[in-house]
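First the structure, in the form of structure tokens, and then the observations on it.
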Amino acid sequence: MSTTLLAVQTLNGMQLGILLFLIAAGLTLVFGVMDFINLAHGVQYMLGAYLAVAAYKLTGSFWLALPLALLAALACGLLLEFLVFRHLYDRDHLDQVLATFGVILFLNEAVKVIWGAAPLSVPVPELLNGSIRLFENFNYPVYRVALLGTGLGVAALLYVLVTRTRVGMLVRAGASNAPMVAALGVNIRRLFMIVFGFGAMLAGFAGIMAAPILSVEPGMGDNLLILAFVVIVIGGIGSIRGAFLSALLIGLVDTLGRSFATDIARMLLPPSAANDVGPAIASMLIYILMAGVLFFRPSGLFPVRTA
Amino acid sequence: MTGTAFLFRNRIVPILLFALLALVPAYAAFTDDRFILLFVTRILVLAIAAVSLDFILGIGAMVSFGHAAYLGLGAYAVGILADSDIWAAWISFPVAILISGLFALVTGAISLRTRGVYFIMITLAFGQMAYFTATSLSAYGGDDGLTLWSRSEFFDTGLFSDDTSFYYLVFGVLLAVTLLLKQIAGSRFGRVLKGAKQSEARLHAIGIDPYRYRLAAYVIAGMIAGLAGALMANQSEFVSPAYMSWQRSGEILVMVILGGLGSLHGAILGAVAYLSMEEVLSGYTEHWRLIFGPLLILVVLYGKGGLLGLIKGGDKS
């Protein structure tokens, strides 16, 4: 294992972490504030990627496609809220699971009907094409660096929004005790809608950003949804800070584990056994991490204090 | 709740359900349709797993998102023993049940420290660990799985190899499991579980620690799901890590919620409805999910308590 490989994989891990954070931020807020399990959050990420493809085909420019797809993702999120989710807020968690599972089935199939089952992609924009030399013998694609920077920027913006604005204050209050916030005269339904639309837009944004580097295909959100749940559970439900730190942690552990687990296993085991065990351990790492965290801290690393 | 609706939902529906299921082989023989027999066998195997999940979910409020792990453990027990030329069901089935029970005991003891969605996720974690372990078993096919060359043997009878007798075997197991779990749910043990669902603090106050009851229920459910897994290996004559994937766990969970929680026969109804709707709709169009997805949403929006709740005369209280 060389230092260059380690550096590349660390950056790749952070990049996965940033994508995960964009998805997990909405998920943890929707869950924390509305006590709503939204399994359909992963398909909103997928929808963002598909909308980016469609908007790119329409405009031929990534920079026009980005705001267009973002607005469309927001509109789709609000439409889903209006049609389905709104009627589920005061229902049992398991009802929410079943209904949002139905939404996943429907949307995964709908994109297949509209755009076909074959993977699609959006070309990397001209401006961000190419790679930069970070240090000697080590080039890294500009787009991926830009993605990292944008993600960190969004995280910072979100932090300011949640900790320094009035809406953010209401969101935090809602995460610790929603009925009390409603009793104090805040229109909680409208707050829910804002949080929901914002979360959907963030997930869509992650999808748009991922479209030039990952293949856009039906079901692409399903595995990320599970990872995003792992992130919010480790971070503590309702906590943006927890989601950010644990998203980076999960991204790094998963990416580095996949690159180095087999090598590490070789030091301890005969090569043939190591080749079997390495990849399995690498895939398991984040789940072992989650089980470990929950064993010692049953409410995650940064639990939101609730009444 | 009106008396007749209660009677209908909790007596007549299960009797009708089992009566219809018992007639399936006769129907298959009459219409000379082998497919329907094999298809319903598969439904019943998954129904056993669904009933065991409903036992901990509907009665004990433990939402396990890793229940497919037990299906896989049971199936792999049969598959690995068959690979070393041990075909006797009286060896492989107890092994399958025992291993599943052990796995449930260890993972349950850890998982039950957590609550709510944290419990959902930690059971998912253990399920995924089992899944990835199975993919690394390269001696037993790794990712691709393991084909069994024949079904298990029960002394010199054709219990497993004949399709009709295998159907009745699975049917009998489902009936026995449902009756057994209903018995347990009605006992003192079951009442403690239901009590823990309502208020743990009150149970503690009268001197009962629900942890051990929950763990025991979790182990029972795991063993039954392991038994279902052993049957599933025989039904499909194939074992693969896909049996333990989180998608499969989610599918069983959806079956249970779709049917209606806590009645046990609701889980059977859910498994039958889920799998046959999938089969029927996919016969009409390859995009059957476009219809099936909204149907699930409608069941939630218009029926409280799943399909059982939709049955007319349901309580509105």
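The values are calculated or read from the model by the stated rules, or taken from the named source; none is laboratory data. Keep in mind that what you see is a predicted model, and the values were worked out from it rather than measured. With ideal geometry, Cβ positions are generated from the backbone for all residues, glycine too; neighbour counts draw on all protein chains shown. Heavy atoms of the whole protein, side chains included, go into the accessibility calculation; ligands, DNA and RNA do not. Shrake-Rupley method; radii C 1.70, N 1.55, O 1.52, S 1.80 Å.
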request  = Calculate the mean, over all residues of peptide B:293-304, of how many other protein chain Cβ atoms lie within 10 angstrom of the residue's Cβ.
outcome  = 6
message = Accessible area per residue for chain B in Å², computed with a 1.4 Å probe and the full protein assembly in place, what is it?
response = 43
task = Might you report the magnitude of the Cβ-based charge dipole of segment B:190-257 about its Cα centre, with Lys and Arg at +1 and Asp and Glu at -1, to the nearest 20 debye?
result = 360
query = Tell me: how much accessible area in total is hidden between B and A, 1.4 Å probe, Å², nearest 100?
reply = 3700
ask   = Projected onto the charge dipole of chain B (+1 at Lys/Arg Cβ, -1 at Asp/Glu Cβ, origin at the Cα centre), which of B:219, B:141, B:249 gives the Cα projection farthest towards the positive end?
value = B:219
note = A 1.4 Å probe over the protein heavy atoms gives chain B a carbon and sulfur accessible-area percentage of 65
key: segment A:204-307: relative contact order as a whole-number percent, Cα under 8 Å and 6+ apart   = 32
Cα centroid separation - segment B:185-216 against segment A:79-145, whole Å = 43
request  = Give me the angle, in degrees from 0 to 90, between the Cα long axis of helix A:188-210 and the longest principal axis of the Cα atoms of chain A, rounded to the nearest 10.
outcome  = 20
Cα gyration tensor, segment A:107-205 - rounded (a/c under 1.5), prolate or oblate = oblate
query = Between residue A:82 and residue B:156, what FRET efficiency follows from the Cβ-Cβ distance if R0 is 51 Å, with the result rounded to 0.05?
reply = 0.20
C-alpha long axis of helix A:3-34 to longest principal axis of chain A, angle in ° = 10
ask   = What length, rounded to one decimal in nm, is gained on full extension from residue B:39 through to residue B:286, with 0.36 nm per residue of separation minus their alpha-carbon distance?
value = 87.0 nm
task = Set Lys and Arg Cβ to +1 and Asp and Glu Cβ to -1, take the dipole of segment B:3-310 about its Cα centre, and tell me which of B:28, B:181, B:66 lies farthest positive.
result = B:181
inquiry  = Rounded to the nearest percent, how much of the accessible area of segment A:3-296 (1.4 Å probe, protein heavy atoms only) is carbon and sulfur?
reply    = 69
Simple Cβ-charge dipole of segment B:3-310, Lys/Arg +1 and Asp/Glu -1, about Cα centre, in debye nearest 20 = 1760
query = Which residue, chosen from A:182, A:88, A:234, occupies the Cα position most advanced towards the positive end of the dipole of segment A:3-296, where the dipole is computed from +1 (Lys, Arg) and -1 (Asp, Glu) charges on Cβ about the Cα centre?
reply = A:182
remark   = Accessible-area loss of at least 10 Å² (1.4 Å probe, chain alone to full protein assembly) applies in segment A:282-306 to A:283, A:284, A:287, A:288, A:290, A:291, A:294, A:295, A:298, A:299
key: Theoretical ellipticity at 222 nm over the protein assembly as shown - DSSP helices of four or more residues, -39500 (n - 2.57) apiece, nearest 500   = -25000 deg cm²/dmol
note = In a Gaussian network model of chain A with springs linking alpha carbons closer than 10 Å, the residue among A:68, A:83, A:285 that fluctuates most is A:83
